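S.K.: Here's a structure for you.
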Amino acid sequence: MPDSDTGAPPRVVLVTAAALAVALAVAVAVFALTRPSPADIAGPLPLVAVPAPAAGSPGCTTLLGAVPSELTSNGTALKVRALADPAPPATVAWGSPDPVVLRCGLDRPPELTPTAQLRLVNKVQWLQVPGEGASTWYVVDREVYAALTVPDTAGTGPLQEISDTVAAKLPARPLRFS
């Protein structure tokens, strides 16, 4: 029954509506905070092994021991992904559904020639090898070759963060073309 003076609904109706709105907001917040991340839903990431003869080297051990547990991509935090067995050695991945993947101990990329176009990112020389939907960036001026595969949608954050880690943990060396 409306309030006879103002025409407003009865106080009990207003209190009930407010309580329902608060309950709905709390339910949405709880759902958002407790739902699994896309990486958890996707499960362990299956990756194909690639030749990595120096995967067990001290350089790879140092680098992989220092990589961040999450990378920032276009303002989004990409968390480390579990890798499906058999996991390739010296490999780390972040994010889902299109992960960023770091592999260490690889052979020298055949695209690395004296005339190859290199990019300097945070004191690390990289060779970009474009692919379909992603580019693979090879660290070419350290004791080991490492490759960071980045989806085209990821932005530059992952490359910059991994460059910082490489620069801090592995000393620069002259390029090797053979």
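S.K.: Can you pull out the chymotrypsin sites (Phe, Trp or Tyr not before Pro) in the range 112-178 whose DSSP state is coil and whose Cβ has at most 12 other Cβ atoms within 10 Å?
M.R.: Hits after loop and neighbour filter: Phe177.
S.K.: Students sometimes get this wrong: rank Arg119, Arg108, Arg81 by accessible area, probe 1.4 Å, all chains present, largest first.
M.R.: Largest accessible area first, the list is Arg119, Arg108, Arg81.
S.K.: So the label point goes 7 Å from the Cα of Ala49 along Cα→C-beta, right? Which residues of the range 76-97 then have their backbone N under 12 Å from it?
M.R.: 85-90
S.K.: Compute the distance in nm between two label points, each set 7 Å from the Cα along the Cα-to-Cβ direction, one at Ala84 and one at Thr115.
M.R.: So the two model labels end up 4.2 nm from each other.
S.K.: Enter the accessible area of Glu70 (Å², nearest 10), with the probe set to 1.4 Å and all protein chains included.
M.R.: Answer for Glu70: close to 70 Å² accessible.
The values are calculated or read from the model by the stated rules, or taken from the named source; none is laboratory data. Only a predicted model underlies this, so the values are computations on that prediction, with no experimental measurement involved. Every residue, glycine among them, receives a Cβ derived from its backbone with ideal geometry; neighbour counts consider all protein chains shown. To get the accessible areas, we keep the full protein, side chains included, count just its heavy atoms, and leave off ligands, DNA and RNA. Shrake-Rupley method; radii C 1.70, N 1.55, O 1.52, S 1.80 Å.
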